[in-house]
1. Counting pairwise Cα distances across region 22-84, what percent come out greater than 15 angstrom?
2. What Kirkwood Rh does region 223-321 have if only Cα atoms enter the pairwise 1/r average? Answer in Å.
3. Considering lysine pairs in the chain that are 8 or more places apart or on different chains, how many have Cα atoms under 25 Å apart?
4. Give the peptides 159-172, 182-195 in descending order of average Cβ contacts within 10 Å, highest first.
5. Identify the GluC sites (Glu not before Pro) of region 27-96 meeting these criteria: DSSP loop state and at most 14 other C-beta atoms within 10 Å of the C-beta.
6. Give the Cα extents of region 1-116 along the principal axes, in whole Å, largest first.
7. I need the P(r) histogram for the chain: all alpha carbon pairs, bin width 10 Å from 0 out to the longest distance, whole percents.
8. Stokes-Einstein D for region 275-321 at 4 °C, 1.567 mPa s, Kirkwood Rh over Cα pairs, in µm²/s?
Amino acid sequence: MKSPLLSLPGAVPAEGVDEGVAAHYGELFREQRALAEGTGFVDLSHRGVVAVSGADRLSWLHLLLTQHVSELPAGEATEALVLSANGHIEHALYLVDDGGTVWAHVEPGTQEALIAYLESMKFFYRVEVEDRTADIAVVHLPAGSITEPPADAVVRETAYGRDLFLPRAELESFADKAGPAAGILAYEALRVEQHRPRLGFETDHRTIPHELGWIGTAVHLQKGCYRGQETVARVQNLGKPPRRLVFLHLDGSEVLLPAAGTELRLATDEPDGRKVGFITTSVRHHELGPVALALVKRNVPADARLMADTTAAAQEIVVEP
């Protein structure tokens, strides 16, 4: 869904998964600094929006999601996952309940598959599941922002800022009041700095929550059964995940950033040495320079220097070995 804010001065359209909103508005580092200082906003109106209403909405979702939501207070933000039967991550939901409806934003284009799964699990529960992407847009206000959300917006407040579920028809008028606009690249740079994984970026078909540090934030370990719980419990109690998320400081002398999927090897190995991981997201940060998130094998020494093709990389631990 193409955002009307692509008509703002300097807007350069994003590509790939984030197509439909602006990658940036001409000044990537200025946009990053503005967000870090608590000013401006990010257009996330390309993200899917799913609404679950009905008297049983919380107790029903509690049975399906990795998070404890049966007693979720109105206005309290949380996040949750949907796992496969084998414990692999299929969906990531960013939730808030407004007292009558649970609102969730999800990765662009994933809402249809998520809704299909939810519909298949309704049975006799008093719930209604709707795709609201066409009429509700997500907008992000950074932590520290003093911008007042519109009265009819649903607000999801976290340590990283506020996500607004805003009527899509009000997107342009809100932008006039909330500027300056920052593109998705600035938002992504801060996400990487904050070590926050993203579905489809830090995940693949076999990712389990332990690998990304989603235990505790998106997975509650003291709740009832849900699909994939056996894997979560087994890894938590008896073992370690096969891979772990790391934050990488990249050699700043390289002109190009290593792309997502670039294989990692130990710096002490030859160029055709054994693969020990891969880059998931790489960005240029306004203070830290080129940095990245990556998945590496659990047994890679935490102090090992790595190479992403020809780019040297130093690890910072996110998930403990």
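The values are calculated or read from the model by the stated rules, or taken from the named source; none is laboratory data. None of the values given here were measured: they were computed from a predicted structure. Cβ coordinates were reconstructed from backbone atoms using ideal geometry, including for glycine residues, and neighbour counts include every protein chain displayed. The protein model used for the area step is the full one, side chains on, heavy atoms only, and it has no ligands, DNA or RNA in it. Shrake-Rupley method; radii C 1.70, N 1.55, O 1.52, S 1.80 Å.
1. Values: 1301 of 1953 pairs.
Value for region 22-84: 67 percent of Cα pairs lie more than 15 Å apart.
2. Working: mean 1/r = 0.0690 Å⁻¹.
14.5 Å is the Kirkwood radius here.
3. Values: K2/K177; K122/K223; K223/K240; K240/K275; K240/K297; K275/K297.
Value for the chain: 6.
4. 182-195, 159-172
5. Details: sites: E27, E31, E37, E71, E76, E79, E90; in loops: E27, E37, E71, E76.
Those satisfying the criteria are E37, E71, E76.
6. 46, 28, 24
7. 6, 25, 32, 25, 10, 1, 0
8. Values: Rh = 11.4 Å.
Translational diffusion coefficient: 113 µm²/s.
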